[in-house]
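Colleague: First, the structure itself, so that you have it in front of you.
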Amino acid sequence: MLQAFQNETIHFVDAMRLTTGDYLNTVRLSNLRQIAQYSITPRVGISANWTARCRRFFEQGIHMKISKFVGFGFVCISSLLAYAQAGPARPAITGISHLSVYSADEAKTEYFYVHDLGAVKMTDPENPQGVRYYFGPTQFIEVLPLPAGETSINRLDHMAYRTADVEALRRYLEAHSVTVPGKAERGSDGSSWFDVMDPEGNKVEFVQAPTKPVSIPINPLSSHIIHIGFMAHRQEVEDAFYRTILGFRPYWFGGGKEGVKSWISQQVPDGTDWVEYMMASGPETRGIPATMSRAGLGSMDHFSLGVDNIEKTTELLYAGDRLTGRNLNAGPKIGRDGKWQLNLFDPDETRAEIMEFQPKVKPCCSPFTAESPIKK
């Protein structure tokens with residue numbers, strides 16, 4: 001019955017969008033629709049009597065006068081909102097912590113991240129088999145050894161976001177019926193974290209940084225990972241997790257041509273970093289498409305370093321002999337989002353995008369709907 005109630009609430013929101021236009025324009029119908037579809041879980045405990053009343057309403061709503069249809073419909077949706085907002089508050093999610101990737105050649109990978117990108121290599125308090133390449137005191141790329149005999153083209157282990165209170169966030173996600181571990185783990189550096197799976201099976205980690213972050217020199221190239229990206233199949237499914245539960249905000253979307261959503265950016269709730277859905281085009285609903293190449297997947301599963309001026313950045317890379325191998329002929333270009341960018345690749349073909357903080361020209365496809373990051 002709960003599922004039927006959710007579906008009927010969605011039907012109401014869609015019908016109201018068609019019949020009432022901007023009626024009660026203080027309400028965002030698209031947001032209500034998402035809440036109706038994704039936020040209400042069995043543990044919320046909607047009464048059977050109230051569910052039955054709303055169900056009868058939606059069955060008969062098409063025959064009602066608009067005023068009554070809208071009025072009682074908002075009562076039902078308000079109930080959904082009240083139930084959805086019950087439970088523990090979400091602690092702040094402030095930005096990108098790191099991207100964790102696999103490497104088949106430790107020496108080549110170290111050369112790329114240290115020599116070419118200027119990161120600082122340090123030990124990994126989370127995984128003794130891994131290493132960290134720091135770009136800032138709380139942002140890094142974690143590199144893990146590729147397991148022996150591994151045949152998959154995948155090189156992504158997980159994505160990680162910073163939170164102000166990891167235990168409060170664990171309880172919050174548990175209250176929203178996300179499967180979470182019994183407790184957060186703790187590293188030798190004082191950081192704490194836990195992992196969950198997003199709706200398409202990608203590992204997502206939430207990290208509370210140590211009280212005393214590492215001290216590293218300022219990287220002349222970049223000291224800010226402004227976004228990370230991963231291959232996704234269905235926006236509405238990922239939005240259920242990132243937007244409805246976690247509170248990420250739409251930032252920009254676009255594609256190779258108008259009307260196509262190939263890249264969908266969602267900004268963290270309490271900062272300017274963002275995650276980018278790199279939309280796969282095949283029929284699959286999760287996993288790696290059979291036709292996908294390692295280079296293609298590595299271009300999707302990526303991270304981006306923010307810079308003020310891509311021309312000066314390119315000169316810095318060229319002068320330091322830091323454009324080698326596949327990256328030898330890399331050159332900057334303006335992306336569809338109107339920002340200058342330069343794409344480099346690590347030895348395992350994970351893309352390291354270097355991007356200006358601010359757009360230089362009008363973006364295609366959609367406007368920016370949140371503030372862009374600035375140099376820190």
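Colleague: Residues to consider are Thr211, Thr244; find the one that is among the polar types (S, T, N, Q) and modelled with pLDDT under 95.
Modeller: Among Thr211, Thr244, only Thr211 is among the polar types (S, T, N, Q) and modelled with pLDDT under 95.
Colleague: In addition: Does Lys333 count as surrounded by fewer than 20 Cβ atoms within 10 Å (Cβ to Cβ), of a type in the set (Lys, Arg) and not assigned by TED's automatic domain parsing to the domain that holds Asp198?
Modeller: In short, no.
Colleague: For residues that are in contact with a Leu (Cβ under 8 Å, 6 or more places away or on another chain), β-branched (Val, Ile, Thr) and outside any loop (DSSP other than H, G, I, E, B), tally how many sit in the stretch 108-164.
Modeller: 2
Colleague: If Gly331 satisfies all but one of (1) modelled with pLDDT under 95; (2) touching a Cys at 6+ places or on another chain (Cβ under 9 Å), what's the number of the condition it fails?
Modeller: Unmet for Gly331, out of (1) modelled with pLDDT under 95; (2) touching a Cys at 6+ places or on another chain (Cβ under 9 Å): (2).
Colleague: Mind checking which strands (runs of 3 or more DSSP E) fall wholly inside the stretch 252-338 and carry at least 3 residues that are touching a Leu at 6+ places or on another chain (Cβ under 9 Å) and under 19 Å from Ile228 (Cα atoms)?
Modeller: Answer list for the stretch 252-338: 302-307.
Colleague: Moving on. Just one of Ser188, Ser192 is among the polar types (S, T, N, Q), at pLDDT below 95 and either touching a Gly at 6+ places or on another chain (Cβ under 7 Å) or at negative phi (or both); which is it?
Modeller: After ruling out the rest, the residue left standing is Ser188.
The values are calculated or read from the model by the stated rules, or taken from the named source; none is laboratory data. The structure displayed is predicted, hence computed values, not measured ones. We place every Cβ from the backbone using ideal geometry, glycine too, and count neighbours over all the protein chains shown.
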